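The values are calculated or read from the model by the stated rules, or taken from the named source; none is laboratory data. Since this is a predicted model, take the numbers as computed values, not measurements. Here the Cβ is made from the backbone with ideal geometry for all residues, glycine too, and neighbour counts use every protein chain on show. Ligands, DNA and RNA are excluded from the accessible area calculation, which covers all protein heavy atoms including side chains. Shrake-Rupley method; radii C 1.70, N 1.55, O 1.52, S 1.80 Å.
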Amino acid sequence: MRMILARHAETVFNAGARMQGNMAHTPLTRAGIAQAEAMGVFLAQHLGQRPDLDIWASPSGRTLQTVAVVAEHLGVDFFDVRTDDRLLEIDVGDWQGRRYADIVAEQGPIVCSERRVFNVPPPNGEYYPAIVTRLQTWLADLVPSRDVLVVSHGITLRVLRGLLAGGAAFEGIALADDAPQGTVFEIVDGVQAALHQGGGFSGARAA
């Protein structure tokens with residue numbers, strides 16, 4: 001099974017350095033729309049029109065807006081896209097909607113500068129082992145003979161890519177490297193390749 005993993009494009013929260021988390025439905029910026037268009041153009045060239053694969057997305061507004069543009073480029077009906085809560089972004093709990101700088105001013109650094117991920121669990125949110133658990137159950141439910149395109153989030157995709165292709169050890173899990181919004185990866189037989197470099201934000205700020 002070939003898996004193509006795409007990170008959603010830039011949103012107004014990303015541009016405003018605010019925490020989004022898993023439930024905030026935040027619209028794309030004009031730059032984000034351009035990133036989604038670029039993803040769609042690339043994927044149409046890479047996969048062709050009406051590719052024979054399953055398209056999955058997080059049900060978050062920003063991923064659905066991204067996948068709607070991508071699906072149009074692929075000649076795929078948006079209403080054939082499947083959604084699953086297990087593909088949502090990390091739950092940032094009490095941080096959701098708040099400015100990143102305000103949180104840091106209150107409690108000090110919350111991001112590991114080397115790995116560009118949260119180094120403390122979000123209060124009343126979730127942490128990396130919980131993301132692993134929900135993604136493992138999603139993977140177990142997939143039809144193994146079908147290729148899959150997934151549009152999801154930065155941290156969630158880093159965990160998923162770590163499960164599928166390995167990554168550096170962090171908090172007891174394998175965590176893949178960071179990548180900007182709008183980036184597309186392909187994983188076949190446990191081998192990962194970056195196919196398209198996005199132009200959006202990267203790091204935990206973009207969660």
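Residues that are in a helix (DSSP H, G or I), in contact with a strand residue (DSSP E or B) (Cβ under 7 Å, 6 or more places away or on another chain) and of a type in the set (A, V, I, L, M): does the stretch 61-69 have at least one? Break it down into steps so the answer makes sense when it comes.
Our first condition is that a residue be in a helix (DSSP H, G or I); within the stretch 61-69, this holds for 61-69.
With in contact with a strand residue (DSSP E or B) (Cβ under 7 Å, 6 or more places away or on another chain) added as a condition, the list becomes 62-67.
Filter again for of a type in the set (A, V, I, L, M), leaving 64, 67.
Checking the stretch 61-69: at least one residue is in a helix (DSSP H, G or I), in contact with a strand residue (DSSP E or B) (Cβ under 7 Å, 6 or more places away or on another chain) and of a type in the set (A, V, I, L, M).
Restricting the search to the stretch 1-31, which residues are aliphatic (A, V, I, L, M) and open to solvent by 20 Å² or more (accessible area, probe 1.4 Å)? Steps first, answer last, please.
Just the residues of the stretch 1-31 that are aliphatic (A, V, I, L, M), to begin with: 1, 3-6, 9, 12, 15, 17, 19, 23-24, 28, 31.
Selection gives Met1, Val12, Ala15, Ala17, Met23, Ala31.
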**OP:** Tell me which residues, restricted to the stretch 11-42, are touching a Ser or Thr at 6+ places or on another chain (Cβ under 9 Å), closer than 13 Å to Gly182 by Cα, of a type in the set (A, V, I, L, M, F, W, C) and touching a residue at least 60 places away in the same chain (Cβ under 8 Å).
**Re:** Ala36, Met39
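Val76: in a loop (DSSP other than H, G, I, E, B) and modelled with pLDDT of 95 or more, yes or no?
Working: in a loop (DSSP other than H, G, I, E, B): yes; modelled with pLDDT of 95 or more: yes.
So Val76 passes the test.
Would you confirm whether any residue within the stretch 80-89 is farther than 30 Å from Pro122 by Cα and over 17 Å from the mean Cα position of the chain (by Cα)? Lay out the reasoning, then the answer.
Taking the stretch 80-89 as the starting set, the residues that turn out to be farther than 30 Å from Pro122 by Cα are 80-81.
Among the residues that remain, those that are also over 17 Å from the mean Cα position of the chain (by Cα) are: 80.
The answer is yes; a qualifying residue exists.
From the list Gly108, Gly40, pick out the single residue that is modelled with pLDDT under 95 and open to solvent by less than 30 Å² (accessible area, probe 1.4 Å). Step through it out loud before you land on a result.
Details: Gly40 fails: modelled with pLDDT under 95.
None of the other options fit; the residue is Gly108.
Hey, among Val69, Val143, which residue is in contact (Cβ under 8 Å) with a residue 12 or more places away in the chain and open to solvent by 70 Å² or more (accessible area, probe 1.4 Å)? Reasoning before the result, please.
Numbers: Val69 fails: open to solvent by 70 Å² or more (accessible area, probe 1.4 Å).
The match here is Val143.
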Subject >> Answer from Pro59, Pro121 - the residue that is over 23 Å from Ile173 (Cβ atoms) and surrounded by 14 or more Cβ atoms within 10 Å (Cβ to Cβ) >> reply: Pro59
Original post:
Restricting attention to the stretch 19-30, does a residue exist that is more than 15 Å from Gln197 (Cβ to Cβ), of a type in the set (S, T, N, Q) and not in a loop (DSSP other than H, G, I, E, B)?
Top reply: no
Original post:
Does the stretch 121-130 contain at least one residue that is in contact (Cβ under 8 Å) with a residue 60 or more places away in the chain and of a type outside the set (Asp, Glu)?
Top reply: yes
**OP:** Could you pull out the residue among Arg99, Arg158, Arg116 that is under 23 Å from Leu43 (Cα atoms) and either open to solvent by 70 Å² or more (accessible area, probe 1.4 Å) or touching a residue at least 24 places away in the same chain (Cβ under 8 Å) (or both)?
**Re:** Arg158
